[in-house]
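Notes follow the structure.
The values are calculated or read from the model by the stated rules, or taken from the named source; none is laboratory data. Note that the coordinates shown come from a computational prediction; the quantities given were computed from them, not determined experimentally. Positions of Cβ are backbone-derived with ideal geometry, glycine not excepted, and every protein chain shown enters the neighbour counts.
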Amino acid sequence: MRYMPHTADERAKMLGEIGVGSVDDLFVDIPVEARLKGLLDLPLHASEMDVEKNFRTLAGKNLSPYSAPCFLGAGAYQHHVPSVADHLIQRSEFLTAYTPYQPEISQGTLQALFEFQTQVALITGMEVANASMYDGATSCAESVLMACRVTRRKKAILSGNLHPHYRDVTRTTLQFTEFEATELSPVLEGREDFEAHIGSDIACVVVQNPDFFGRVQDLTDLAEKCHAAGALLVVVVNEVVSLGAMMSPGEMGADIVAGEGQSIGVPLSYGGPYVGLLATRQKFVRQMPGRLCGETVDQDGKRGFVLTLSTREQHIRREKATSNICTNAGLCSLAFTVHMSLLGETGFAKLAEINHGEAVAAAELLNELDGVEVVNDTFFNEFMLRLSVNATDVVEKLAEKGILGGVPVARLLPDAGTDNLLLVAVTETCAAGDIRKLVSALKEIL
Amino acid sequence: MALKFTEDHEWILLEGNVATIGVSNYAQEQLGDVVFVEVPEVGADLSKGDELAVVESVKAASEVYSPVSGAVVAVNGELEDAPTLVNEDPNGGGWFAKIEVSDPTEIDGLMDEEAYKTYIEGLD
Amino acid sequence: MLNNQGRPTRPNTSEQDNSTTDTFTGNKALDLETPLIFEQGVPGRLGVDMAEPKKVKSRLGNTARNNPVGLPDLSEPQVLRHFVRLSRQNYSIDSGFYPLGSCTMKHNPRINEKVARLAGLGDLHPMQPVSTVQGALELIDDLAHWLKTITGMPAVAMSPAAGAHGELCGVMAIRAAHEAKGEARKRILVPESAHGTNPATAALCGYKVDSVPAREDGRMDMDAFAEKLGPDVAGVMLTNPNTCGLFENDVKKIADMVHEVGAYFYCDGANLNAILGRVRPGDLGVDAMHINLHKTFSTPHGGGGPGSGPVVLSEALAAFAPVPFITHGEKGFDLVEHVEGEAAKSFGRMKTYHGQMGMFIRALAYMQSHGSDGLRQIAEDAVLNANYVRVGLNDLLHSPFDGICMHEALFDDSSLKDTGVTTLDLAKAMIDEGYHPMTMYFPLVVHGAMLIEPTESESRETLDQFIGAMRHLLNKAHKGETAYFEQAPHFAPRRRLDETGAARNPILRWIPEEDDPQNKRTLSAAS
């Protein structure tokens, strides 16, 4: 077996030096009755060639979004990842490195994290960001816990227009703590009314922008209302490319930003691994969960980077830690950093402009169809269609034609009234003919 | 009034009915470089044995417990910008909080400077 | 013919050069520095070529950005060179040995990377109709089967994103199970030697953590355990083999005692590498156990993540598993995504979408590559290697627990007592020898702990050289060469860093000059 170097001869010699007769002697502490005598009931080892064949077979049973017109969003977006990004994350020294607890030999990882933290702070318009969370939803849940710690209050208000997974994960995370969240109902037409709920017992209001249905709004007013009541505004961002075209949450007055960074550098990969973003004000830094990388100097006076403020974390604070989180998104945060470095100021703005342009053009074409109505006044690169028939059926029929036409809202929000609603995302990966294919397929189906 | 010490290496100085509390020189040596001190809120009501403060070094966070019961009337604001005061001047400028004691007799059982010196010598 | 090229072809060893070896660039041959990307940009450069945007009427309402973000502009070669230079300042498994106890730094196979990137796997959108991703669901289901068979457990929750997340999953399932019975329990018992994530997780679930001391032989003290057990205990969180590298021989008794009071047994599966194919946690009475795919099943550590922490569950806890999970029906595989119907008792959702698919693909490829025969061999070689290192060093280093260890060997710093050299100093000297240091100061219950886990990937030569290097360093320490250790590392890209300064004055990002005219390097100074 090519991954394990020892020959039978070497094993025997090593056992001799250890002073035991057989390898079984090293497992004496396992209760006799529980010891497995034979092999587990699983296939024997396979060659590299056969393993590859197995996975190609599995891959062949799926419809790849790169070989089909793809209009899927709902919190994960198909974007072009530059080859350089995928190449760099496969470099041995990034791929197979451990967490940078020994900073002298981890400056590669640490400097990249420092750059990542800066990029996230810049695009969200916030003062500091951490070294990433598992995903946007867990980042959202942790933001609520953080807001409760900062304000010393116990209640949060969750917008009804939050991505349902984010709402659910927040609810799940809070359920056994002393904190609670009020979940507002989705509001498909008009604005949500938070005023009725913001009081002096509220730690934070959590709002998504663009929201789950794709709508964008200026949250400055809401931020002021929260602050007047001593509460924090948590802004959730599912699609970070939107930050290239929109006012940042920081500019609007957000106190914490919880985001999903997958759109930059990270492949769709059927839902994971992704990269959660968490950014906030400098004054709240000690209440932030997750890893933080900080700048310092070494004994020769050279600039270097280290993990810092570790006393917030589980390995030191244990049951009083800000969170139990131990990993960050590591390689995914590196992919984000590389892609963002390639984009730069110019490219990031341009990418956002391209996305918005494609989406606006697509929306206009779709709106002209009978049986299709674009619901949104505002959107960035994702909008909602109201169809004359059940959206889930339409999506199945589109799939049979080899088109991934959108995400039925009812799949994530199975409440009454959503059955005919379809979320459609349009990114720079949308080829010239794709929208026409979608339009003609819809004409046939509807 | 003289400094009194607890077995957990806190010192307490009672003046009138207000007690100033900090950690001893032995404590700051054990803690290493202090990077941050989390002090209580002014107005907080503490019982003897409640957590008064948390002292953070790079690799550890140590709880400091109140040797007396009472209300917190002042906290040392200088610690935020200069946590090093705990290392440099633990018995003076490195104080954490002042408490208006509800029961001055709680201090009676604590060690005086001599007794504390003997105590820490016996520790290592 | 005279040589008309005129250049010397061997080094001049006769003359001494007393001039400085400082270079203009600060580089030292192949040791190449690179500043922050923010210090390298030139406005207008582009690292990505894009089409021209369509001219449209904006649908952004009044939210259009009117201030710049502040990112630097770089070209593709610049970016590539920057990150390649950074990578070279990193140690990695591919470069050398990582004896990190509790982390299982084994070889990361490249076939795993290849299959994870296949079209039809790496590029699938999580919200595609289930009919278009039957292969993906089959893959996850297949992995679930391997995990259940390896552990002897009937169910598995695949969605947790990392080990600590898996712990949260397990303890939430335990609390949900108690609440379903109408019981509100208060405490979780955790051995003193436990990893910090264990008590942090218990606290997140609203439990009070009660610590159980160890006995002389490094296992949990059964008398203390019995004393602390009671009807208000929700469960015990045990790592087995434990964080001292020892198998808890009383594990079955512990399970029985826990079940007797109606509580549940959570097992931290971080050390699964030691027992693969030799024993199944399900046969030991475990109710929930997270598995670190990035430890036992070789998914790459990536500088700190991503991980994946599926949790195997007993019959008692299976019903409370988080959504989503996979089911088989007439039409093939399906996903149950909401807490209703057959998932009505689920404690909720832990993450967006379905789990860390990228890590599932890699782990399954690893498992198929090894097979049942290879998996058993992993545990045998891992334990063999740890004991080989143990006997290679136990005349010079003191182990708090005598005798055979499992996949990791634990030493304390008592043998360094009068040398003035600490565990930390020893670790920094190991860096100069070309090793990543072992796990240090963990578990907390052992003074100056050094926890060494070689894994099955290491050859005898590597282990012999490691043992030799450690012996060499220990001898240096005993000879009184304290200064050498205090000044270590001498040769790393950076020498010892000021972590105190970093914590006292946190500088967590680069700041543009205009926001920091006095170069105070903190935003709070400017605002």
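Give A:Ala121, A:Ala147, A:Ala131 a once-over and let me know the one that is among the hydrophobic types (A, V, I, L, M, F, W, C), assigned to a helix (DSSP H, G or I) and within 13 Å of chain C (Cβ to nearest Cβ).
A:Ala121
Among the residues of the range A:238-275 satisfying the criterion of being within 18 Å of A:Thr170 (Cβ to Cβ) and in a strand (DSSP E or B), which is nearest to the other protein chains (Cβ to nearest Cβ)? Going through the qualifying residues, I end up with A:Glu260. Within the range C:254-291, being part of a loop (DSSP other than H, G, I, E, B) and among the aliphatic types (A, V, I, L, M) holds for C:Val261, C:Ala263, C:Ile275, C:Leu276, C:Val279, C:Val286, C:Ile291.
So which of A:Pro273, A:Pro249 ends up being more than 11 Å from the chain's Cα centre (by Cα) and of a type outside the set (Lys, Arg)?
Values: A:Pro273 fails: more than 11 Å from the chain's Cα centre (by Cα).
Within the list A:Pro273, A:Pro249, the selection yields A:Pro249.
Screening A:Ser333 with (1) in contact with a Ser or Thr (Cβ under 9 Å, 6 or more places away or on another chain); (2) under 30 Å from B:Val37 (Cα atoms); (3) more than 7 Å from chain C (Cβ to nearest Cβ) gives one miss only, at (2).
Taking the range A:172-208 as the search range and keeping residues that are within 11 Å of another protein chain (Cβ to nearest Cβ) and touching a strand residue (DSSP E or B) at 6+ places or on another chain (Cβ under 6 Å), which one is farthest from C:Ser346 (Cα to Cα)? Spell out how you get there, then give the answer.
Of the range A:172-208, the ones within 11 Å of another protein chain (Cβ to nearest Cβ) are A:172-179.
Checking which are touching a strand residue (DSSP E or B) at 6+ places or on another chain (Cβ under 6 Å) leaves us with A:172, A:174.
Working: A:Thr172: 10, A:Leu174: 15 Å.
Step by step, filter the range A:172-208, then rank; the result is A:Leu174.
Against the conditions (1) touching a helix residue (DSSP H, G or I) at 6+ places or on another chain (Cβ under 8 Å); (2) farther than 15 Å from B:Ala19 by Cα, B:Glu80 satisfies every one except (1). The strands (runs of 3 or more DSSP E) falling completely within the range B:32-124 that include 1 or more residues that are of a type in the set (Ser, Thr, Tyr) map to B:51-57, B:61-65.
Within the range C:487-519, which residues are of a type in the set (Asp, Glu) and assigned to a loop (DSSP other than H, G, I, E, B)?
Residues of the range C:487-519 that are of a type in the set (Asp, Glu), as a first pass: C:498-499, C:513-516.
C:Asp498, C:Asp516 - these are the residues of the range C:487-519 that are of a type in the set (Asp, Glu) and assigned to a loop (DSSP other than H, G, I, E, B).
Please indicate, with yes or no, whether at least one residue in the range C:235-253 is in a helix (DSSP H, G or I) and more than 8 Å from chain A (Cβ to nearest Cβ). Yes, that holds for at least one residue.
In summary, helices (runs of 4 or more DSSP H) completely within the range A:1-96 and bearing 1 or more residues that are within 28 Å of C:Gly122 (Cα to Cα), facing another protein chain (nearest Cβ under 7 Å) and not acidic (Asp, Glu) occur at A:48-60, A:83-88, A:92-95. A:Val81 meets all of the listed conditions (1) in contact (Cβ under 8 Å) with a residue 60 or more places away in the chain; (2) of a type outside the set (Ser, Thr, Tyr); (3) buried (at least 24 other Cβ atoms within 10 Å of the Cβ) but one, namely (3). Within the range C:108-149, being closer than 20 Å to C:Gly163 by Cα, surrounded by fewer than 19 Cβ atoms within 10 Å (Cβ to Cβ) and at the interface with chain A (Cβ under 7 Å from one of its Cβ atoms) holds for one residue alone: C:Thr149.
Filtered by the rule that a residue be closer than 19 Å to C:Leu80 by Cβ and crowded, with 21+ Cβ neighbours inside 10 Å, the range A:337-360 gives A:Thr337, A:Val338, A:His339, A:Met340, A:Ser341, A:Leu342, A:Leu343, A:Gly344, A:Gly347, A:Phe348.
In summary, helices (runs of 4 or more DSSP H) completely within the range A:307-412 and bearing 2 or more residues that are assigned by TED's automatic domain parsing to the domain that holds A:Leu122 and closer than 25 Å to A:Ala141 by Cα occur at A:314-317, A:331-367. Cβ-Cβ distances below 6 Å connect no pair with a first residue in the range A:189-203 that is under 19 Å from A:Thr151 (Cα atoms) and in the same structural domain as A:Ile157 (by TED's automatic domain parsing), a second residue that is of a type outside the set (Ser, Thr, Tyr) and surrounded by fewer than 12 Cβ atoms within 10 Å (Cβ to Cβ), and a separation of six or more residues or different chains.
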